[in-house]
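**Q** One structure follows; several queries about it will come next.
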Amino acid sequence: MMNSFAKCRKKYFAAVTFPIFRGNAWCKNEFIVVYEKGGAPFGSMVMRINKKLLPLFLAGTMMSAMLCSCAKNENSKTDNPEAAETAANTENVSDSGTVSLNVWCEESGIDTMNKMIESFKQKYAGEAEFDFTITVNADSATRDNVLADIHNAGDVFTLPDDQLTALVAGGALEPVPNADEISAANVAEASEAAKINGVLYAYPMTADNGYFLYYDKRYISESDVQTLDGILRAAEKCGKKFTMEWTSGWYMYSFFGNTGLEFGLNEDGVTNYCNWNSTEGDIKGVDIARALLDISASPAFELRVDSDFPAGVQDGTVVAGVSGVWNAIEVKKAWGDDYGAAKLPTYTCNGKQIQMSSFTGYKMVGVNYYSEHKDWACKFAEWITNEENQTLRFVERNQGPSNINAAASDEVMKVPAIQAVIAQSEFGKLQRVGNKFWDPFASFGETMAQGNPSGADLQEIMDTLVTEITASTVN
């Protein structure tokens, strides 16, 4: 990241640049340039520029920003405070007097979002004319899509908590104006996940973006689900399968998180530190590799991507698996009253039972810093995340509320999947990882699931995994 600073009439300006992530790679010569004044962003642009010329480019753009701002400050002086206040109150109202808001949400949530929009219109009837547009956007793609074109992105959008840091760094999010009130209404963990350096940048929406164990009570007992050994034995006995996605770092973290080994995001906010290849301590890197090979050796184990988990449940081949609340409805349809859910089990590693960990996750609603109707966008974001609408989202989409009152309802307490993700959160960690964390698990997980068919040295396998996880983001 590169900064340029200039001083004008005791006002500081900064131009901050950072690379853009598109698809599966960081763009080498394309940057978002965010201009800041007094610590707050006031403009941005996407530029394609040679890195060697970037300092000269910033110097020129900063001089332009500085001169334009100084001129604006001189021309905007007024001796009429009332006129200034009137201008401030009307600057975000379109010429037609209509408040237009573009709302990004996932396709599966459109019907529910439309109901929330209609109730919002009724709530504020007579205060403004509203024109809402819903744009389909996958939550997983929010960061990339917003930062690729901030000024044309949605006014309001949903996002998972792990994207918050990049969106704040890009100057894309408007801080929540009534932060104390919003934080107090939601569980503490969800509110903390929506903060950067103590500032609340988004409205908590769900507290269920994690994973746990599903199991069919006809074949797997409550005693069996305490250990992965017990689950595999029970599945072997009935000729069925336990499934888990091992080619995803999101799920594979569960075998490393509670071993005493270390992993996390460096202070640069981009790269990772990791010692999962350690040769010291009670649990070493190769101990985990051996444990994975022992699991995959069971005839009951099957590597299956999460999106294929419901199919195995429905055709009767799968009796247990690791997944999340998004599959609860399909599992309930297939297993009926025999549908069970629990925290993840322990697994055997170097003769010890290790509680499987997880990444805990939360979803939230952000407001675009550059929205033309920022005040109304904030009101709408608050509306669709309030107790009433979090309850509606639970009823219609089975998503676990972060709102304290909604989460405490009898209806929510009766859902096994939501109670399981809450129970697992005790053993989880908020997902804060650099981009290089994900790709290494495609080959590592496949190798472990296949039983290390090449017979590669396990220490070398773990060394390679850590080298790739901790690699620089510069290709």
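FYI, it's all coordinate maths here, none of it is from the lab. Note that the structure is a prediction, hence the values are computed from the model and not measured. Cβ: placed from backbone, ideal geometry, glycine included. Neighbour counts: every protein chain shown.
**Q** What do you get for Rg/Rh over region 242-297 if you use C-alpha atoms and the Kirkwood form of Rh?
**A** My calculation puts Rg/Rh at 1.01.
**Q** Could you give the distance between the Cα centres of region 192-238 and region 427-475, to the whole Å?
**A** First find each Cα centre; the distance between them is then 22 Å.
**Q** Provide the packing ranking of 148-155, 210-217, 329-336, 133-140, i.e. peptides ordered by the mean count of other C-beta atoms within 10 Å per residue, highest first.
**A** The densest-packed peptide leads the list: 210-217, 148-155, 329-336, 133-140.
**Q** Right, something else. Which peptide among 364-373, 195-204 comes first, and what is the full order, when sorted by highest mean count of other Cβ atoms within 10 Å?
**A** In decreasing order of mean packing, 364-373, 195-204 become 364-373, 195-204.
**Q** Now a separate question. What ranking, highest mean first, results for peptides 451-464, 177-190 when packing means the other Cβ atoms within 10 Å averaged over each residue?
**A** Per-residue mean Cβ counts within 10 Å order the peptides as 177-190, 451-464.
**Q** Out of the GluC sites (Glu not before Pro) in region 238-287, which ones are loop residues according to DSSP with at most 16 other C-beta atoms within 10 Å?
**A** Qualifying residues, ordered by number: Glu262, Glu267, Glu280.
**Q** Let me ask something else. Of Ser298, Ser307, Ser358, Ser119, how do they rank once you tally other Cβ atoms within 10 Å and put the fewest first?
**A** Ser307, Ser119, Ser298, Ser358
**Q** Among the listed pairs Lys115/Lys379; Lys241/Lys429; Lys115/Lys414, give every one whose C-alpha distance is greater than 20 Å.
**A** Lys241/Lys429; Lys115/Lys414
**Q** Measure off 7 Å from each Cα along the Cα-to-Cβ vector at Thr348 and Glu262, then give the distance between these two points in nanometres to one decimal.
**A** Each label point is offset 7 Å from its Cα along the Cβ direction, giving 3.2 nm.
**Q** Oh, and also: Sorted from fewest to most neighbouring beta carbons within 10 Å, what does the list Val318, Val415 look like?
**A** Lowest to highest Cβ neighbour count: Val415, Val318.
**Q** Measure off 7 Å from each Cα along the Cα-to-Cβ vector at Thr279 and Asn197, then give the distance between these two points in nanometres to one decimal.
**A** Here the answer is 4.2 nm between the modelled labels.
**Q** Rounded to the nearest Å, what's the spacing between the alpha carbon centres of region 273-332 and region 113-170? Just the number, please.
**A** The two parts, judged by their Cα centres, are 34 Å apart.
**Q** Mind giving me the nanometre distance, one decimal, between the label points for Lys237 and Ala125, set 7 Å out from Cα along Cα→Cβ?
**A** For the pair Lys237/Ala125, the computed spacing is 6.1 nm.
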